[in-house]
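Rule-based calculations on the coordinates, nothing more; no lab input. This is a predicted model, so every value here is computed, not measured. Using ideal geometry, Cβ is built from the backbone for each residue, glycine included, and neighbour counts are taken over all protein chains shown.
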Amino acid sequence: MPPKALKVLKKMENSSYKLLEPVQCKLWNKGYLNDDEIRHWSFKPLREFIDESHMTRSLLKCDECGQLYFYEFYEVMNFDGGDDDIFYKYIPVESEKIAEEMSKMSPLALAIYTPQLQINFPPPKNKSQRGSNLISVGWIK
Ligand SMILES: [Zn+2]
């Protein structure tokens, strides 16, 4: 059982906390990751921690291999009238307990965990970029 996430954060300043790699999961083994495919991956929702308009956090289970993932949808409002920044995270976890600890952390603090699968949608800088592929998708290992 991993130690409490907040204690880990204090103890491992400027470091990362290595989680077990989900080696059996197709999401881990895919060479090319497509954001649409990931967001429509077959997950079973096991528990909801937060369900708000700009943040959703839950525990998901991969239908195919049973891997547990801490999931976060996080939207940063742009009050200048532009599009919002949108971030998705899938962090492989060993237990519901560690996911529960993660659910109490700030979005920034969750960056200490590796590996994690991220999808980032930065807003377009101008109209010509609208609909273009600014999306970044990948594992942080
Ligand atoms: Zn899987």
Practice task
For every other residue with a beta carbon closer than 13 angstrom to the beta carbon of GLU21, add +1 if it is Lys or Arg and -1 if Asp or Glu, then tell me the sum.
Solution key: +1
Practice task
Just add up the charged neighbours of ILE140: K/R +1, D/E -1, any other residue whose Cβ is under 13 Å from the Cβ of ILE140.
Solution key: +2
Exercise for the section: Using only the alpha-carbon atoms of the stretch 16-140, report the extent along each of the three principal axes, biggest first, to the nearest angstrom. Expected result: 42, 32, 27
Exercise for the section: Using Cα pairs closer than 8 Å and at least 6 residues apart in sequence, work out the relative contact order for the stretch 20-74, in percent. Expected result: 27 percent
Practice task
Please give the peptides 69-79, 109-119 ranked by average Cβ packing (other Cβ atoms within 10 Å per residue), highest first, as a rough proxy for protection.
Solution key: 109-119, 69-79
Fill in the blank from the handout: Amide H contacts under 5 Å for LEU19, restricted to residues at least 5 apart in sequence or on another chain and with H modeled in the peptide plane, are THR114
Practice task
May I ask what percent, to the nearest 5, of DSSP beta bridges between residues of the stretch 16-140 are antiparallel?
Solution key: 95 percent
Exercise for the section: Report the label-to-label distance for ASP63 and ILE140 in nanometres (one decimal), using points 7 Å from each Cα along the Cα→Cβ vector. Expected result: 2.9 nm
Handout entry: At R0 = 22 Å, FRET efficiency that the Cβ-Cβ distance of GLU100 and VAL76 yields, to 0.05
Key = 0.35
